[in-house]
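> Pasting in a structure now, in structure tokens, and then I'll have a few things to ask.
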Amino acid sequence: MKKLLIGLTGIIGCGKPTVSGMLEGLGVPVIYVDRAGRWAIDENDSVRSRIREQFGREVFINDKLLDRGKMAAIVFSNEIGLHAFNAIVHPVMIRRVEEQIQQFRDSPLSAPYLVVDAALIFELALDEMLDYVVTVSAPIKDCINRTHLRD
């Protein structure tokens with residue numbers, strides 16, 4: 001039996017984490033692409049080294065932990081900086097997701113399907129490895145309110 005890969009996406013504040021959490025509660029395995037990105041930054045020396053070379057030591061706390069606030073201030077105010085940061089992190093993050101998907105496929109004990117939770121499924125071309133993509137949606141007013149409450 002083929003194991004299905006289902007992408008779950010949606011805009012900020014749409015409720016995607018709630019849906020992923022509900023699916024996990026039902027026993028569905030979920031890969032969170034954001035966590036793969038955090039892993040790439042926090043655990044991969046090469047990624048940290050390249051970020052340090054591109055953006056300087058000042059974006060790190062104690063030369064090891066990325067200061068996410070400083071990094072966000074740089075990349076979200078500078079499109080070139082955002083592209084440079086993504087060019088460093090995204091390939092490693094995507095490889096991590098691909099490894100997790102392969103582990104899922106290779107496991108005889110895994111569920112018949114896997115959900116890949118990612119806001120940027122199409123931008124990262126993850127849709128090319130998925131069987132289906134489901135979009136979580138909500139009225140834009142609710143998305144904005146949720147985002148304001150969260151942030």
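The values are calculated or read from the model by the stated rules, or taken from the named source; none is laboratory data. Everything numeric in this text was worked out from a predicted model, so none of it was measured. Using ideal geometry, Cβ is built from the backbone for each residue, glycine included, and neighbour counts are taken over all protein chains shown. When the accessible area is computed, the model is the full protein with side chains, heavy atoms only, and any ligands, DNA or RNA have been set aside. Shrake-Rupley method; radii C 1.70, N 1.55, O 1.52, S 1.80 Å.
> If you check Arg96, Arg146, Arg150, Arg57, which single one turns out to be exposed (fewer than 12 other Cβ atoms within 10 Å of the Cβ) and touching a residue at least 24 places away in the same chain (Cβ under 8 Å)? Walk me through how you get there before you give the answer.
On the way: Arg96 fails: exposed (fewer than 12 other Cβ atoms within 10 Å of the Cβ); Arg146 fails: exposed (fewer than 12 other Cβ atoms within 10 Å of the Cβ); Arg57 fails: touching a residue at least 24 places away in the same chain (Cβ under 8 Å).
Sole residue among the options that is exposed (fewer than 12 other Cβ atoms within 10 Å of the Cβ) and touching a residue at least 24 places away in the same chain (Cβ under 8 Å): Arg150.
> Among the residues of region 44-57, are any farther than 26 Å from Ala125 by Cα, at pLDDT below 95, of a type in the set (Gly, Ala, Ser) and in a helix (DSSP H, G or I)?
Checked against the condition, which is being farther than 26 Å from Ala125 by Cα, at pLDDT below 95, of a type in the set (Gly, Ala, Ser) and in a helix (DSSP H, G or I), region 44-57 yields no hits at all.
> Related question: Just give me the residues in region 110-132 being touching a residue at least 24 places away in the same chain (Cβ under 8 Å) and of a type in the set (Asp, Glu), in sequence order.
Within region 110-132, Asp117, Asp127, Asp131 qualify.
> So Ile121 passes all but one of these: (1) assigned to a loop (DSSP other than H, G, I, E, B); (2) crowded, with 18+ Cβ neighbours inside 10 Å; (3) over 14 Å from the mean Cα position of the chain (by Cα). Which condition number does it fail?
(3)
> Of all residues in region 22-41, how many are surrounded by fewer than 13 Cβ atoms within 10 Å (Cβ to Cβ) and more than 20 Å from Gln103 (Cβ to Cβ)? I'd like the intermediate steps shown before the answer.
Just the residues of region 22-41 that are surrounded by fewer than 13 Cβ atoms within 10 Å (Cβ to Cβ), to begin with: 22, 25-27.
Then keep just the ones that are more than 20 Å from Gln103 (Cβ to Cβ); that gives 22, 25-26.
Of the residues in that region, 3 qualify.
> Still on this structure: Could you list, in sequence order, the residues of region 126-142 that are open to solvent by less than 80 Å² (accessible area, probe 1.4 Å) and assigned to a helix (DSSP H, G or I)?
Passing the criteria: Leu126, Asp127, Met129, Asp142.
> Okay, next question. Go through (1) open to solvent by 80 Å² or more (accessible area, probe 1.4 Å); (2) of a type outside the set (Phe, Trp, Tyr); (3) in a helix (DSSP H, G or I); (4) under 26 Å from Gly7 (Cα atoms) and name the single condition Asn86 misses.
(1) is the only condition that Asn86 fails.
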